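A short worksheet on the structure shown next.
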Amino acid sequence: MEKLILRRVDRNNEEMILNFGPQHPSTHGVINFIVETDGEVLRKAVPDVGYLHRSIEKIGESTGYHGFMPYTDRIDYVAAMFPNEGYAMVVERLCGIQVPKRALYLRAISTELCRIASHLVSIGTMTMDIGAFTPMIHGIRERETINDLIEALCGARLTYNYHRIGGVAFDLPEGWRDKTLAFLDHFDKFLVEFDRLISFNEIYIKRLANVAVIPGPMAVDYGLSGPNLRGSGVDFDLRKAMPYGVYPEFEFDVPVGKGMFGQVGDCFDRYICRTREMGESSKIVRQALDLIQQAPEGDIVAPKVARNLKVEAGEALSRVESARGEMAFYLVADGTNRAWRVRTRTGSFTAMGIIEAISPGLMVADLVALIASLDVVAPEIDR
Amino acid sequence: MMTFTEYAGSFQKTAVSFWHGLSITMSHLFRRPMTVQYPDRTPLPVRDMLPPRYRGFLEVDTAICTGCQACERACPIACIQITLEKDPANPKQRLVTQFDIDEAKCMFCGLCVEPCPTGSIQHTREFEGSVANIRNLVFRWSDPVKPFPVYRVEKGAEYFARAPLGSLVRARLEAARWNAAAVEYLPPEPPAPAVAPVPAAAPAPPTPTNPETK
Ligand code: SF4
Ligand code: SF4
């Protein structure tokens, strides 16, 4: 990195080294890219992460096991249910806690709603980065209803802190099921409308198709996950491949990129994967809302989870399919009431790795499309 | 290479895309607007429109607080401070002489509410707490001059009568309004940043003396 910044630039051509970010609206948060350009064409873009590092993993070693839960919200605040779930799962695995069925359904409902909300932000900001402002407002409008639903469920709109070690914090409020079903009916119509509004807009397609193509094997090599990996045509979804919770009971498809308007793995494929995934999430929520009625009400948290939880020495790993790819928690306990080590693997961080390899030859404006299509969220990169 | 038909075709597709997009935009002229003008055009005060589980400012009903400090232990960032002392007049009675909640530091996670045995500490639906002095957001539910005695839970009691949720915290917010003087008994202000000390004049170099002139 040092060398790159200090390299001499030949003044006879148009080569420049620029800082793109860290306070640039289209870098999706505080990320810096050191961009080497020759006129409009990129020679290379190197992400320089670390501006939002808050030592969350270290905090996990100093708060108790229960006390770390609100901090996990801050790992990915656009989709805070997923780190909640991952962290709860890793502690449960280590302690051998059996989570009640109803809590698992509630987890599935809350995380899938959260996935829809997160993808709405993602595709909304993506269209805005490309230059269409209206679809973002439409996305945010639908997300508002989800926020209201989740607020009624757990009391917060962004940093939910809803999952607990051994279950969840609250049962469904009264009338929530009907409200959610009504919203999902509306939402399925919205998805069709959204496709008409922007997804199949000719200008939008032309702008994204064949841009920043990531072939499948390359995506695997660089450790991409989630919609970024599936956009490259690799059918890998942790909910299907290594099912956790109650996911084996649901019927849903995993959308993969097929190169709808260009090559497989271009920006448009990643975009369309997200829009299709929202429809699948809506299906899952419907099924979960039906199945949850068989589970006894009020049975939402495992009994006898000590308040000052002491975990026997050992280590465990949990993997959940977050909105931004695989989110893994690795926990090492040493028998006290504090974790010895908490490690988080996030999808955005690995997505940053591929930018340097993909960027040569892109236009400067296509870098914005690439970052937007990878759906990176700055706090998740740095933690 | 793009043929002429493809070139003309993309014009046509673009025009159709425009029509689709703009027809949706136009249809919004006839839909109900989603936006609400905060704060004065809402049908009810916003706090009354929030769901009951909303996690706003914390409120402690001192009449039913047992002084068990469970909330203090549950808080991951230590923004609750409780001090218990024996009543000098009645050695069997314990008093809560300090019960501070730093709402400016609180992250409204709700972990302190869960272990409370009587439901004394609760989230309210109050959230409008902008103040000029951030120290006004330290809510002191007890003070050393007027400590409150701890509540003894009756055997088998399941219901604990509580002041209407939100009334106590609203009174506090009212008292610590925008420019009110900071609450009494606050911990001392952090010391002002030290002024850089003026470098002392360097000691004059010893003048060489000529032993012969003595
Ligand atoms: S809500 Fe959370 S941060 Fe605030 S006082 Fe309670 S435990 Fe502490
Ligand atoms: S508020 Fe509740 S948890 Fe806190 S000391 Fe009082 S009784 Fe105990």
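Just so it is clear, none of the values below were taken in a lab; they were calculated from the coordinates. All values reported here derive from a predicted model rather than from experimental measurement. Virtual Cβ from ideal backbone geometry, glycine too; neighbours counted across all protein chains shown.
Evaluate the charge dipole of segment A:70-137 about its Cα centre and quote only its size in Debye, nearest 20, assuming +1 on the Cβ of each Lys and Arg and -1 on the Cβ of each Asp and Glu. Show your work: numbers first, answer last.
Values: 6 positive and 6 negative charges, 59 e Å.
Dipole of segment A:70-137, to the nearest 20 debye: 280 debye.
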Check: Which is farthest toward the positive dipole end of the protein assembly as shown among B:Gln37, A:Ser281, A:Ser232, measuring Cα position about the Cα centre, with Cβ charges +1 (Lys, Arg) and -1 (Asp, Glu)?
Finding: B:Gln37
Next item on the list: For segment A:164-193 and segment B:15-48, write down the distance between their C-alpha centroids in whole Å.
Entry: 22
Notebook entry, point to check: What's the average, rounded to a whole number, of partner chain beta-carbon atoms within 10 Å of each residue's beta-carbon in A:62-69?
Noted result: 3
Next item on the list: Treating only the Cβ atoms of Lys and Arg (+1) and Asp and Glu (-1) as charged, compute the dipole magnitude of segment A:240-375 about its Cα centre; round to the nearest 20 debye.
Entry: 440
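Would you order A:Cys95, B:Cys109 from fewest to most other beta-carbon atoms within 10 Å of each residue's own beta-carbon?
On the way: A:Cys95 20, B:Cys109 24.
The order, fewest Cβ neighbours first, is A:Cys95, B:Cys109.
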Check: Hey, rough spin-label estimate for B:Val46 and A:Lys206, points 7 angstrom out along Cα→Cβ, what's it come to in nanometres?
Finding: 4.3
Item checked: From phi via Karplus (6.51, -1.76, 1.60), per-residue ³J(HN,Hα) for segment B:61-76 in Hz, x at Gly/Pro -> 8, 5, 5, 10, 8, 8, x, 7, 6, 5, 5, 4, 6, 6, 6, x
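Highest first, please rank the peptides A:147-153, B:34-40, A:116-122 by the mean number of other Cβ atoms sitting within 10 Å of their residues.
In decreasing order of mean packing, A:147-153, B:34-40, A:116-122 become A:116-122, A:147-153, B:34-40.
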Next item on the list: Can you tell me the order of A:237-247, A:276-286 when each peptide is scored by its average per-residue count of other Cβ atoms within 10 angstrom, highest first?
Entry: A:276-286, A:237-247
Margin query: For a quick check: sort B:Glu126, A:Glu144, A:Glu297 by the number of other beta carbons within 10 angstrom, fewest at the front.
Written below: A:Glu297, A:Glu144, B:Glu126
Next item on the list: Could you point to the residue in A:Pro248, A:Leu197, A:Tyr65 farthest towards the positive end of chain A's charge dipole, with +1 and -1 charges on the Cβ of Lys/Arg and Asp/Glu respectively?
Entry: A:Tyr65
Check: Looking at this model, which pairs from A:Lys179/A:Lys240; A:Lys179/A:Lys283; A:Lys101/A:Lys304; A:Lys206/A:Lys258 are more than 24 angstrom apart at the alpha-carbon?
Finding: A:Lys179/A:Lys240
Check: If you count, for every residue in B:47-54, the Cβ atoms of partner chains within 10 Å of its Cβ, what is the mean?
Finding: 4
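How well do other chains shield peptide A:234-244, expressed as the mean number of their Cβ atoms within 10 Å of each residue Cβ?
Values: counts 0, 0, 0, 0, 0, 0, 0, 0, 0, 0, 0.
Counting other chains' Cβ atoms within 10 Å and averaging over A:234-244 gives 0.
Grab the DSSP H runs of chain A that are 4 residues or longer, score each as -39,500 (n - 2.57), total them, divide by all residues and round the 222 nm result to the nearest 500 deg cm²/dmol. Walk me through the numbers before you get to the answer.
Values: 16 runs with 176 residues, N = 383.
After summing the helix terms and dividing by residue count, I get -14000 deg cm²/dmol.
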Margin query: Classify the protein assembly as shown from the C-alpha gyration tensor, please: rounded if a/c falls under 1.5, else prolate or oblate depending on whether a/b exceeds b/c.
Written below: oblate
Next item on the list: Could you please state, rounded to a whole Å, how far the C-alpha centre of segment A:331-383 is from the C-alpha centre of segment A:222-290?
Entry: 19
Item checked: Ranking of A:Tyr51, B:Tyr159, B:Tyr54, A:Tyr162 by count of other Cβ atoms within 10 Å, fewest first -> B:Tyr159, A:Tyr51, B:Tyr54, A:Tyr162
